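Undergrad: What follows is a single structure, and I will ask about it in a moment.
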Amino acid sequence: MIKKCFAEFIGTAVLVIVGCGTAMLVGCDAVNGGGYILTALAFGLTIVAMAYSIGNISGCHINPAVSLGVLISGGMSAKEFAGYVVAQCIGAIAGSAVLASIFTLGGVTDMTGGFGSNGLANVNGSAAAGLLTEIVLTYIFVTAILGVTSKKAAHGSFGGIVIGLSLTLVHILGIGLTGTSVNPARSIGPAIFAAMYGNSDPIACLWVFIVGPLVGAALAAVVYKVLESNN
C-alpha cells in the first residue's frame with residue numbers, strides 16, 4: 001500500500017510539473033492557439049510516460065476522479081481510495097512547489113498567473129458552465145480509462161497510450177473553457193500556490209474543479225458498469 005501511494009505521489013507531482021509548467025511557459029489564450037496544443041500534449045504525454053513507469057505499481061491513477069471511478073467499479077477498496085487521494089493531493093502540492101522553485105531560481109518575479117491553475121474567466125465566470133464542462137470532460141476521460149482497462153478489452157500493451165491520448169483530447173476542448181481539470185488534485189496544488197503568490201481567483205472557484213470531476217467520474221463508472229453488464 002505504501003509503495004502504491006508513493007507511486008501515486010510521484011506520478012501526480014510529475015503531471016503538475018510538466019503539464020502545469022508547460023501551461024505557465026506557453027500560455028493558454030485563444031490568440032496563441034498553439035499553446036493549447038502544447039499544453040494538451042504535455043498532460044497527455046505525461047500520462048503515457050507515467051502509465052509505463054508506475055502503472056504496474058499503482059495503476060497510475062494520479063487523479064482522485066480516476067480513483068473514484070475505479071472504486072465505484074469495484075477495482076479498489078475504500079482504504080486504498082483514501083490513501084491514493086491523499087497521496088495524489090500531496091503530490092500535486094509538491095509538484096507546484098517544484099515549479100515555484102524553478103521559476104523563482106530562474107529569476108521570474110511575477111507568478112500571479114496561477115501556476116497553470118483552473119478558472120472560470122473564459123466561461124464569463126459562470127460556475128454552472130464550468131461545472132458542466134468538467135463533468136462532461138471527466139465523464140469522457142474516465143469512460144475511456146474504464147473501457148481500456150476492462151478485462152474484456154483487447155488493447156494489448158497500448159492502454160497507456162490510449163489513456164494519454166484521451167487526456168489530450170479533452171484538454172483540446174477544455175483548455176479554452178476552464179483550463180481543463182478533470183483532476184481535483186491537479187487543481188488543488190496550483191490553486192494553493194497561486195494564492196500564496198497573490199492570485200486568489202483559483203481558490204475561489206476551486207470547488208468547481210473538485211465537484212465537477214468527481215461527479216463526472218461517478219457517472220462514468222455507473223454508466224459503464226451498466227453497459228458492460230449487458231454484454
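Undergrad: Evaluate region 70-84: report whether one residue or more is over 18 Å from Leu173 (Cβ atoms), under 17 Å from the mean Cα position of the chain (by Cα) and not in a helix (DSSP H, G or I).
TA: no
Undergrad: Right, something else. Considering each of Val222, Val208, Val170 in turn, give the residue that is touching a helix residue (DSSP H, G or I) at 6+ places or on another chain (Cβ under 8 Å), modelled with pLDDT of 95 or more and surrounded by fewer than 17 Cβ atoms within 10 Å (Cβ to Cβ).
TA: Criteria check complete, one pass: Val222.
Matching residues to (1) more than 19 Å from Pro190 (Cα to Cα); (2) aliphatic (A, V, I, L, M); (3) in contact with a Phe, Trp or Tyr (Cβ under 9 Å, 6 or more places away or on another chain):
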site: Ala65; (1), (2), (3): no, yes, yes
site: Ala78; (1), (2), (3): yes, yes, no
site: Ser96; (1), (2), (3): no, no, yes
site: Ser101; (1), (2), (3): no, no, no
site: Thr104; (1), (2), (3): no, no, no
site: Gly116; (1), (2), (3): no, no, no
site: Leu137; (1), (2), (3): yes, yes, no
site: Ile145; (1), (2), (3): yes, yes, no
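Undergrad: Six or more apart or on different chains, Cβ under 7 Å: which pairs go from a residue in region 186-208 that's farther than 15 Å from Gly91 by Cβ to one that's β-branched (Val, Ile, Thr) and crowded, with 24+ Cβ neighbours inside 10 Å? Could you list them?
TA: What qualifies is Leu206/Ile188.
Undergrad: Can you go through Cys20, Cys60 and tell me which one is under 22 Å from Thr138 (Cα atoms) and either among the charged types (D, E, K, R) or assigned to a helix (DSSP H, G or I) (or both)?
TA: On the way: Cys60 fails: either among the charged types (D, E, K, R) or assigned to a helix (DSSP H, G or I) (or both).
Only one candidate qualifies: Cys20.
Undergrad: In region 78-110, what residues are at pLDDT 95 or above and hydroxyl-bearing (Ser, Thr, Tyr)?
TA: Residues satisfying the conditions are Tyr84, Ser96.
Undergrad: Next question. Considering only residues that are under 27 Å from Ser229 (Cα atoms), surrounded by 18 or more Cβ atoms within 10 Å (Cβ to Cβ) and of a type in the set (A, V, I, L, M), which ones fall in region 63-112?
TA: Hits for region 63-112 are Ala65, Val66, Leu68, Val70, Leu71, Ile72, Met76.
Undergrad: With the condition being within 20 Å of Gly44 (Cβ to Cβ) and of a type outside the set (S, T, N, Q), I'd like the helices (runs of 4 or more DSSP H) fully within region 130-231 carrying at least 1 qualifying residues.
TA: The helices (runs of 4 or more DSSP H) meeting that bar are 159-174, 184-196, 208-229.
The values are calculated or read from the model by the stated rules, or taken from the named source; none is laboratory data. Bear in mind the structure is a predicted one, so any value in this text is a computation, not a measurement. In this analysis, Cβ positions are derived from the backbone assuming ideal geometry, glycine residues included, and neighbour counts consider all displayed protein chains.
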